[in-house]
Every structure is written in C-alpha cells, then in structure tokens.
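The block underneath contains the structure these notes are about, expressed in structure tokens.
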Amino acid sequence: MDYKELDVWKESKELVKLVYSLTNSLPVNEQFGLTNQIRRSAVSVPSNIAEGVGRNHSKDTIQFLYIARGSLYELETQLIISNELFKYSSIEYQKCWDILQNCKMLINGFINYYQKKR
C-alpha cells in the first residue's frame, strides 16, 4: 500500500499547509514557542501515518496511527489555545478546524480498518 494514495494522509498533509499559513499570523515572539509546537504537531500527523504504513505490519501500523491521532488532538488543543490568545482570522481558522475534524474521522476509520485486518 502506498501511503501517498491514502485519503487520511492527503488530508493531513493539507492540514499541515493550512496550519503553516494560519500560524504565520502569530506574533514573532511566538516563533520558537507556540508557533513551533503547533507546526510540529501538524507535521507529526502525516509523518506518523507514512511511517506506520511503511512498517508493513498491522500491529506497528496501528501504533503509529494512534500516535498520529494523538498529534491531532494535541494540535486541536494548541489551536484552541492560540486562537483564544491571538484571535485568528475566523475564515482561515474555521477551514483549518474543519479539516482537522475530518482528519480525526479518517484516522479513526483507518485504525478500525487495521484492527479488523488483524
């Protein structure tokens, strides 16, 4: 299976792009703080999906999918906090939020698929 063909990987990659755009509006003094942490959480999602699929073993894949899901929840929390502190553009934030929620749904479906496969 090529991870680059997976909807969950494609969608999480789009989320990374939106997160980078969204966090460009954060104050410069947050560059090595919240901005960096938010971006790292976002990048972790497609990276762990790719690594898990690359392991080519259901047990390992599921573990990496759980890590990716954890990163989504971490990212969600960080977006809530940073929005409360710095008030993003509502349109850009909502688009990012909607894609994040879709990623959560897709990754849960993918985890269920792999669990049934075992």
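The values are calculated or read from the model by the stated rules, or taken from the named source; none is laboratory data. Quick caveat, the model's predicted, so the values are computed rather than measured. No Cβ is skipped: glycine too gets one built from the backbone with ideal geometry, and neighbour counts run over all protein chains shown.
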Among the candidates Tyr73, Tyr3, residue that is among the aromatic types (Phe, Trp, Tyr), surrounded by fewer than 14 Cβ atoms within 10 Å (Cβ to Cβ) and in contact with a helix residue (DSSP H, G or I) (Cβ under 9 Å, 6 or more places away or on another chain): Tyr73
Extreme residue, farthest from the chain's Cα centre (by Cα), among residues of region 62-103 that are under 30 Å from Lys116 (Cα atoms) and either outside any helix (DSSP H, G or I) or acidic (Asp, Glu) (or both): Asp98
Among (1) of a type in the set (D, E, K, R); (2) loosely packed, with under 12 Cβ neighbours inside 10 Å; (3) modelled with pLDDT of 95 or more, the one test that Lys87 misses: (3)
Pairs where the first residue, in region 42-69, is more than 13 Å from Tyr3 (Cα to Cα) and the second is not in a helix (DSSP H, G or I), C-beta under 6 Å, 6+ apart: Ser58/Arg118
Qualifying residue in region 30-37 (condition: in contact with an Asp or Glu (Cβ under 9 Å, 6 or more places away or on another chain), part of a helix (DSSP H, G or I) and in contact (Cβ under 8 Å) with a residue 12 or more places away in the chain): yes
Number of positions in region 7-60 that are crowded, with 17+ Cβ neighbours inside 10 Å, within 22 Å of Asn108 (Cα to Cα) and among the hydroxyl-bearing types (Ser, Thr, Tyr): 4
Residue pairs meeting the criteria (Cβ under 7 Å; at least 6 apart or on separate chains; first within 15 Å of Glu30 (Cα to Cα), in region 70-82; second of a type in the set (Gly, Ala, Ser) and in a helix (DSSP H, G or I)): Gln78/Ser41
Members of region 14-29 that are without any contact (Cβ under 8 Å) to a residue 60 or more places away in the chain and either farther than 15 Å from Ile99 by Cβ or outside any helix (DSSP H, G or I) (or both): Asn24, Pro27, Val28, Asn29
Candidates Asn83, Asn112, Asn102, filtered to the one that is of a type in the set (S, T, N, Q) and under 13 Å from Ser12 (Cβ atoms): Asn102
